[in-house]
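Nothing in this text is a laboratory measurement; each read-out follows from the coordinates by a stated rule. Note that the structure is a prediction, hence the values are computed from the model and not measured. Ideal geometry is used to build each Cβ from the backbone, glycine not excepted, and the neighbour counts take in all protein chains shown.
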Amino acid sequence: MKKLVSMLLIGTMALSLIGCGGGSSSSGSGDSAASEESGIKTSQEGKLIMATNAEFPPYEYYEGDEVVGIDAEIAAAVAEELGLELQIEDMAFDAIITAVTSGKADIGAAGMTVTPDREKNVAFTDTYATASQVVIVTEDSEIASPDDLTDKTVGVQLGTTGDIYAGDIEGVTVERYNKGFEAVQSLQSAKIDAVIIDEQPAKVFVEQNEGLKILPDKFTEEEYAIAVAKDNTELVEKINEALDSLKKSGKLDEIVAKYISADDSAE
Ligand code: GLN
């Protein structure tokens, strides 16, 4: 640790020598300069810990034992811009906000929709994707639109916006699952009548499972953003700067295009 500090000191001094052409440095003590320079406070020095729920393709899911997907890649690109090392922690979706508020994680990146309720507990960065909730039913279902859901049993992932919307539909019985995929399996085995979930994972689940379809009517317009502890305004600002540069350089579109084909994403 001492060694690291002194290395940083030497680095800072070298930089200020270059910067000032050998003249006197205006910055005060060397060791605070290092942190001032980046201005980033994270729970573990040099790291950016991301809380996610890796059950949400194409945003986060497992490939072997690695978490991949749009959020994982955006977070990796943001971490790189910030000079931090990304560490991904997989957990239940409804544990993510607590992980961020308690400082166990620095960010929550999980296809997380910005909602007024969540904004009471965490700060959100600028948004990086738009999304909607859709309804999945079996191909032979008599449910043709969200209006037909009255008095039906609807599966959702616990603590998601789909959970909230399902609860708002009159007469609906809501079945909550830890993973969206478990809700889809329940639908396939006719234990429930429909699933309400975000559109992109819905497409992946319908593609991977026989006999299911997505209803054409979409429920909501939502926006995904990264959750950060409320008092860490520097981190929000730095992530926003990084997101902005990823948007401008085309890198963000590139990441999205890798996981979502163009004719899908425009919908
Ligand atoms: N977008 C939804 C939400 O924020 C679902 C996110 C998820 O399941 N990962 O509640």
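Would you mind estimating how fast region 79-214 diffuses translationally, via Stokes-Einstein at 25 °C and 0.890 mPa s with the Kirkwood radius over Cα pairs, in µm²/s?
The diffusion coefficient I find is 152 µm²/s.
Which ³J(HN,Hα) values in Hz, rounded to whole numbers, follow from the phi angles of region 70-84 under the Karplus curve 6.51 cos²θ - 1.76 cosθ + 1.60, where θ = phi - 60° and Gly and Pro get x?
Rounded to whole hertz, the list is 4, 5, 4, 6, 5, 4, 5, 5, 5, 4, 4, 4, 8, x, 10.
Arrange 238, 152 by Cβ neighbour counts within 10 Å, fewest through most, would you? Could the numbers behind the result be given before it?
On the way: 238 23, 152 18.
The most exposed by this proxy come first: 152, 238.
Of 203/251; 191/247; 120/247; 120/248; 179/248, which sit over 32 Å apart, Cα to Cα?
From the list (203/251; 191/247; 120/247; 120/248; 179/248), the Cα-Cα distance tops 32 Å for 191/247; 179/248.
Can you give the net charge of the other residues whose Cβ lies under 13 Å from the Cβ of residue 185, counting K and R as +1 and D and E as -1?
-2
Skipping prolines and chain starts, which residues have an amide H placed within reach, meaning under 5 Å, of the one on residue 192, given they are 5 or more residues away or on another chain?
Here 187 satisfy the definition.
Percent of Cα-Cα pairs per 10 Å bin, from 0 to the last occupied bin, for region 119-167, please list those.
18, 43, 24, 13, 1
5 Å is the cut-off here: which amide hydrogens, built 1.01 Å from N in the peptide plane, fall below it relative to residue 212, excluding neighbours closer than 5 in sequence?
Residues meeting the criterion, in which the H sits 1.01 Å from N, are 139.
Expressed as a whole number of Å, what is the distance separating the alpha-carbon centroids of region 57-73 and region 167-185?
23 Å
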